[in-house]
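In what follows, a single structure is set out as structure tokens and then discussed.
The values are calculated or read from the model by the stated rules, or taken from the named source; none is laboratory data. On a predicted model such as this, the values are computed, not experimentally measured, just so you know. Here Cβ is always computed from backbone atoms with ideal geometry, including for glycine, and neighbour counts include all displayed protein chains. Please note that ligands, DNA and RNA were not included when accessible areas were found on the heavy atoms of the full protein model with its side chains. Shrake-Rupley method; radii C 1.70, N 1.55, O 1.52, S 1.80 Å.
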Amino acid sequence: MTVETIAVGQEDHPRHGRAAGFRDNVSGYRICATTPEHSPELWHRYLAGAQNTYRHFGNEQVLDYDAVADGASTALFFAATDAAGTVVGGVRVQGPYTWVSEVASLTPWAGRPGAADLSLMMARRIPRGVVESRAAWVDRNAARRSDLAAAISRCIAHAPRLLGVRYSFATVADFTTERHRATGAVVAQAIPPVPYPDERYRTVPIWWDTSSYHLFADRLQYLMMRGELRAMGVAEPRSSRSIRALHRGGEECRSHAR
């Protein structure tokens, strides 16, 4: 595994309005972390890809496209591009949140078992900073699709580091949880899954804690994550504790051509 690492200064990462990124040499794609304001053309191509992908699976409504298209609710997004500059995947990030009532993705639990406990989880974490990843997608025809999906999951883990908060939150289909766990995520197992956006899915809440995800991440994924953060100008602090796998045996984005 190698990650192309041309380090950029702290002033160059997306929290300061600049695009940063890395090349994942496992999947072969370049991934850019930026904002809709800084990279509007890339933002609209990311959204178009998300819309096409979600429409293919019959759940386009969960994107809430009209509400998010102007980019105002998106603090950061990641877009993966191939050698030709085609966007082949990505994810967007909302927050940091101030109130539990802002977190619309809790709505599917309303009136269901676990709703109160999930709201309490969110309320307890918000003071330390919570961002939420939404509209993750990977082109179904992309080469090395599973490796690209793993890279997008790592981006969700990177989001709170780039935005200066502690937690990353997402609601995901339960069949994707092993991929997310490999990047250090922890499923809120006490919260029953919900059939969202429809009965084909069992959706669960999942958390990344920047203070401890290294304890849960697979060794290879964690090493990639450290290299990717360095490439984006973010230092990953060393922990005195071994990561889970040891027990269990920026490049600035310069071009978004089509």
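Residues in the range 136-172 that are more than 23 Å from Ala104 (Cβ to Cβ), touching a helix residue (DSSP H, G or I) at 6+ places or on another chain (Cβ under 7 Å) and in a helix (DSSP H, G or I): Ala149, Ala150, Arg154, Arg161.
Within the range 93-110, the set of residues being β-branched (Val, Ile, Thr) and in a strand (DSSP E or B) comprises Val93 only. Would you check if Pro113 is part of a loop (DSSP other than H, G, I, E, B), at pLDDT 95 or above and out of contact with any Gly (no Cβ under 7 Å at 6 or more places or on another chain)? Considered against the rule, which asks whether it is part of a loop (DSSP other than H, G, I, E, B), at pLDDT 95 or above and out of contact with any Gly (no Cβ under 7 Å at 6 or more places or on another chain), Pro113 comes out as yes.
Give the residues of the range 173-208 that are assigned to a helix (DSSP H, G or I) and either more than 26 Å from Gln61 (Cα to Cα) or touching a Cys at 6+ places or on another chain (Cβ under 6 Å) (or both), sorted by residue number. Arg181 - this is the single residue of the range 173-208 that is assigned to a helix (DSSP H, G or I) and either more than 26 Å from Gln61 (Cα to Cα) or touching a Cys at 6+ places or on another chain (Cβ under 6 Å) (or both).
Looking only at the range 232-251, residues that are buried (at least 19 other Cβ atoms within 10 Å of the Cβ) and either of a type outside the set (Gly, Ala, Ser) or at pLDDT 95 or above (or both) come to 4 in all.
The residue list Ile191, Ile156 contains one member that is open to solvent by less than 20 Å² (accessible area, probe 1.4 Å), over 22 Å from Arg219 (Cβ atoms) and at pLDDT 95 or above, which is Ile191. If you go through the range 117-135 one residue at a time, do you hit one that is assigned to a loop (DSSP other than H, G, I, E, B), of a type outside the set (S, T, N, Q) and modelled with pLDDT of 95 or more? The answer is yes; a qualifying residue exists. In the range 75-86, the qualifying residues are those that are open to solvent by 10 Å² or more (accessible area, probe 1.4 Å) and within 19 Å of the chain's Cα centre (by Cα), and the one that is nearest to Glu199 (Cα to Cα) is Ala75. Go through the range 25-67 and give me each residue that's of a type outside the set (S, T, N, Q) and open to solvent by less than 10 Å² (accessible area, probe 1.4 Å). Within the range 25-67, Ile31, Cys32, Ala33, Leu42, Trp43, Tyr46, Leu47, Ala50 meet the criteria.
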